[in-house]
Amino acid sequence: MNAIKLVKYFVFVCLLASCGEKRAYQDRIDSIHNDTERLVIAVAWPHSKSKIDMFNGVELAAKEVNKSGGVLGRKIELKKFDDFRDINEGLLIAEEIAADKSIFAVIGHLDSYISIPTSTTYDSSGLIMITPGSSAVELTQQQHKSVFRMLSNNEEQGKRLVSYFRNNNYQRVLLYYVDNVYGQDIANAFEIAAIQQKVDIVSRRSFDTSGDNHKQVIESWTEYYDFDSILVAGTMPNGLRAIQAIRNAGIEKPIVASGGVDSTLLLDAELGDQGELVVATFYDQTAFNESQLFYERYTAEFEAEPSASAALGYDALALLIESIEKTGSVDRDTVVEQLHSIEQFPGTTGKLTFSENGEPIDKPMYLRKVVNNRFVSIGAVD
């Protein structure tokens, strides 16, 4: 095949792919428009693995919408997909969701290493994706107009965590992070901001995702380093295991844990009074009137306190429904345009406005302390 023929071939392949993508998008629009009884939302999450009450928040929002008559006369129908925090499973269910032309939008995933590749599948097949959990900066840098996130990205989280250390006069920090995209992002952002804000990181070490390889690192801390605080940037359950290992070694210096560790599992672990433990979170029931009202409705429905994941899941669906109602349309591009134009949406997790690439602007991040096996709010951190 000569060069001219090769160029023509690649042009043909690209045109064919573009036509296929447009056809898939049109097939979805036709299917959703023709179904006047329901609006189907996929909820893709590690339902059996981590932060499992996120679905409760989405379900509560759906129940409230359906009780009031639905959206544009349609009842919300939720379809659960479990990615098991496994990239291969995540890619498989993304293809399954994309193939189902009845689905209008996806709420998910938790892990950025799944959300980043699957977002391309969702966007190209005519779906809206709203993630209540994935915080890697790369996700919204792909320029997919139909992809949104509900929480601050890792870079922003790292900067705000440094502010807390500085404001509390912690000057010699041990930085301990899980060795994955999330942990590396938080650690990198924290380190850069720490230099700018003159907070000294005396040691930066990682732990693997199993969360079981702590002994040697912790022994080196006690032998070689003078420190006054520790940042644990992990997820669950590896972040909890890291905290337990630190406390079991007799270290009682204050620990600050990133939002990935925010879970009621911290309370179940009964860490007691072994030193101060502060956790970043994206929901504070005392922050706004909407936050308190959500807390009351959620506890009445599930007889349990809502986590940040539950609140973010609730807001994801509530925001989507409001955008559909405002436009009076279930056309993907029309709703996406409305999502981008929303200003200061009064969510349970704070006011929400999106940037051009689907990033929340100035989304609040809160801190809370574990006291007597309960969470006590500290407030927002700038």
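Here is a yes/no grid of residues against (1) within 22 Å of Thr334 (Cα to Cα); (2) out of contact with any Asp or Glu (no Cβ under 7 Å at 6 or more places or on another chain); (3) in contact (Cβ under 8 Å) with a residue 60 or more places away in the chain:
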{"residue": "Ser135", "(1), (2), (3)": "no, yes, yes"}
{"residue": "Gln143", "(1), (2), (3)": "yes, yes, yes"}
{"residue": "Asn153", "(1), (2), (3)": "no, no, yes"}
{"residue": "Glu156", "(1), (2), (3)": "no, yes, yes"}
{"residue": "Ser163", "(1), (2), (3)": "no, no, yes"}
{"residue": "Gln171", "(1), (2), (3)": "no, no, no"}
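Assessment of region 215-228 against the conditions (part of a helix (DSSP H, G or I) and within 21 Å of Leu367 (Cβ to Cβ)) yields no matching residue. Taken over region 26-57, residues that are modelled with pLDDT of 95 or more, part of a helix (DSSP H, G or I), over 14 Å from the mean Cα position of the chain (by Cα) and of a type in the set (A, V, I, L, M, F, W, C) amount to 1. Taking the listed residues Ala304, Ala287, Ala280, the one that is in contact (Cβ under 8 Å) with a residue 40 or more places away in the chain, touching an Asp or Glu at 6+ places or on another chain (Cβ under 9 Å) and over 25 Å from Gln171 (Cβ atoms) is Ala304, with no other qualifying. Per the listing Tyr182, Tyr176, the residue uniquely under 14 Å from Gly259 (Cβ atoms) and within 21 Å of the chain's Cα centre (by Cα) is Tyr182.
Taking only region 254-277 into account, find how many residues are free of Cβ contacts under 8 Å to residues at least 60 places away in the same chain and hydrophobic (A, V, I, L, M, F, W, C). Looking only at that region, the number is 5. Of all residues in region 242-263, those satisfying the criterion of being crowded, with 19+ Cβ neighbours inside 10 Å and outside any strand (DSSP E or B) are Ala242, Ile243, Ala245, Ile246, Ser258, Gly259, Gly260, Val261, Asp262, Ser263.
Between Phe302, Phe294, the distinction of being of a type in the set (Phe, Trp, Tyr), in contact with a Ser or Thr (Cβ under 9 Å, 6 or more places away or on another chain) and surrounded by 15 or more Cβ atoms within 10 Å (Cβ to Cβ) belongs to Phe294 only. The residues of region 49-84 that are over 21 Å from Leu265 (Cβ atoms) and aromatic (Phe, Trp, Tyr) amount to a single one, Phe81. Scoring Leu139 on the criteria (1) at pLDDT 95 or above; (2) assigned to a helix (DSSP H, G or I); (3) closer than 27 Å to Asp212 by Cβ leaves a single failure, condition (3).
Among the residues of region 353-374, are any among the basic types (Lys, Arg), surrounded by 14 or more Cβ atoms within 10 Å (Cβ to Cβ), touching a residue at least 24 places away in the same chain (Cβ under 8 Å) and touching a helix residue (DSSP H, G or I) at 6+ places or on another chain (Cβ under 7 Å)? Spell out how you get there, then give the answer.
First pass over region 353-374, keeping only residues among the basic types (Lys, Arg): 363, 368-369, 374.
Next, from what is left, pick out any that are surrounded by 14 or more Cβ atoms within 10 Å (Cβ to Cβ): 363, 368-369.
When the remaining residues are screened for being touching a residue at least 24 places away in the same chain (Cβ under 8 Å), the result is 363, 368-369.
Those still in the list that are touching a helix residue (DSSP H, G or I) at 6+ places or on another chain (Cβ under 7 Å) too: none.
The answer is no, given that none of the residues of region 353-374 is among the basic types (Lys, Arg), surrounded by 14 or more Cβ atoms within 10 Å (Cβ to Cβ), touching a residue at least 24 places away in the same chain (Cβ under 8 Å) and touching a helix residue (DSSP H, G or I) at 6+ places or on another chain (Cβ under 7 Å).
Condition check for Ala287 on (1) touching a Phe, Trp or Tyr at 6+ places or on another chain (Cβ under 9 Å); (2) on the phi > 0 side of the Ramachandran plot: one failure, at (2). Those helices (runs of 4 or more DSSP H) of region 264-382 in which at least 3 residues are of a type outside the set (A, V, I, L, M) and at pLDDT 95 or above, considering only elements entirely within it, cover 289-302, 308-327, 332-341. Looking only at residues of region 65-99 that are assigned to a helix (DSSP H, G or I) and in contact (Cβ under 8 Å) with a residue 40 or more places away in the chain, we find that the one that is farthest from the chain's Cα centre (by Cα) is Val65.
The values are calculated or read from the model by the stated rules, or taken from the named source; none is laboratory data. Computed from a prediction, not measured in an experiment: that's the story for all the values here. FYI the Cβ positions are ideal-geometry reconstructions off the backbone, even for glycines, and counts take in every protein chain you see.
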